[in-house]
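See structure below.
The values are calculated or read from the model by the stated rules, or taken from the named source; none is laboratory data. These numbers come from a predicted model, not from an experiment. Here the Cβ positions follow ideal geometry from the backbone for every residue, glycine too, while neighbour counts run over all protein chains shown. Surface areas here come from the heavy atoms of the whole protein model, side chains and all, with no ligands, DNA or RNA. Shrake-Rupley method; radii C 1.70, N 1.55, O 1.52, S 1.80 Å.
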Amino acid sequence: MVAVSSADLRSQTGNPRSPELPHHQALLDNTDWGALATPRGTGESLPTALAGLLDPDPVVRSAAADDALGGVSHQNTIYEATVPVALYIAAILDQPAITAGEFGPDTGPTLVRLLDWLSDTAYDADDECVNVSERHFGEGYLDEYRELRAFRDLRPAIFSAVHPLLGHDDAEVRHAALITAIPLTEHPALTAHHAELAHHARRLLATSTDRHHRDRALDAMKAWGHDTGDLENADDIADRERRARLVAELASRAGG
């Protein structure tokens, strides 16, 4: 599963274990992309795609996003190239082409699309996923899966870029930032932020109708020990009951 050591990852990405993000251009120039595995081979083509995310032409940015994000996304897996790509994405969240531009009418704001990818990746590396995998593959799973461990180690660096966006003027950006921040703050160095995120979650739940966002926010609030009874609406309750029935049905089939 692993073709690169932790030391290699540090040298290729500018020390992702540091809480400070490297400059995006340094990541682009100093990473040995061709030596890193992706779902479709190596990351040799990723530098061009990643650089294209900052192109002034929204059409170029849209194609670059497809190539860059799609190039390391497959079956909820963290690949060798996922680590520097995540760092690069985090490092450009404050760049003008990202904060002001859009990919196109069908793909939404650049900033939201990148946050959504970081969020999906962070959930693929969260504690629940690790626990499930350890039950299936043994307690040494995380020790052997160095790419996953490297991503989990760099969560404070990624969070440092996401955190300022929790107060963004645009609600869509704020909500995307919150859903990204939730799994990142499972890192022991970030759990003190849960109270702050709970405040933002209450704001989201008071206004958002997005099913995915509401589920993530409610699950986080419950995990942090908050009573969510006054935060749930009728749709939340119906969805929770539907999920409970599905879990019961699956358990019944497994037992039968």
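For the reader, a short list of remarks on this structure follows.
- Of all residues in region 201-217, those that are crowded, with 19+ Cβ neighbours inside 10 Å and touching a Leu at 6+ places or on another chain (Cβ under 7 Å) total 6.
- Restricting region 143-172 to residues that are surrounded by fewer than 22 Cβ atoms within 10 Å (Cβ to Cβ) and of a type in the set (Lys, Arg), the residue that is nearest to TYR88 (Cα to Cα): ARG152
- Neighbours by Cβ (under 7 Å, 6+ apart or cross-chain): first from region 188-211, closer than 20 Å to ASP169 by Cα; second aromatic (Phe, Trp, Tyr): ALA198/TRP224
- Yes/no for ALA100 being of a type outside the set (Val, Ile, Thr) and free of Cβ contacts under 8 Å to residues at least 40 places away in the same chain: yes
- There is no residue in region 90-100 that is acidic (Asp, Glu) and either modelled with pLDDT under 90 or in contact with a Leu (Cβ under 8 Å, 6 or more places away or on another chain) (or both).
- Summed over region 226-250, residues that are open to solvent by less than 40 Å² (accessible area, probe 1.4 Å) and among the charged types (D, E, K, R) total 3.
- Every residue from region 123-150 that is in a helix (DSSP H, G or I), without any contact (Cβ under 8 Å) to a residue 24 or more places away in the chain and of a type in the set (D, E, K, R): GLU128, GLU134, ARG135, ASP143
- Checked against (1) within 26 Å of THR99 (Cβ to Cβ); (2) open to solvent by 70 Å² or more (accessible area, probe 1.4 Å), ALA223 passes all but a single condition, namely (1).
- Within region 51-72, if we keep just the residues that are part of a loop (DSSP other than H, G, I, E, B) and modelled with pLDDT of 90 or more, the residue that is nearest to the chain's Cα centre (by Cα) turns out to be VAL72.
- Test result for VAL130, surrounded by 15 or more Cβ atoms within 10 Å (Cβ to Cβ), more than 14 Å from the chain's Cα centre (by Cα) and under 24 Å from GLU80 (Cα atoms): yes
- Meeting the requirement of 1 or more residues that are farther than 22 Å from ASP124 by Cα, the helices (runs of 4 or more DSSP H) wholly within region 175-256 are 194-207, 234-255.
- Any hit, region 176-199, residues being within 25 Å of ARG113 (Cβ to Cβ), modelled with pLDDT under 95 and open to solvent by less than 30 Å² (accessible area, probe 1.4 Å): no
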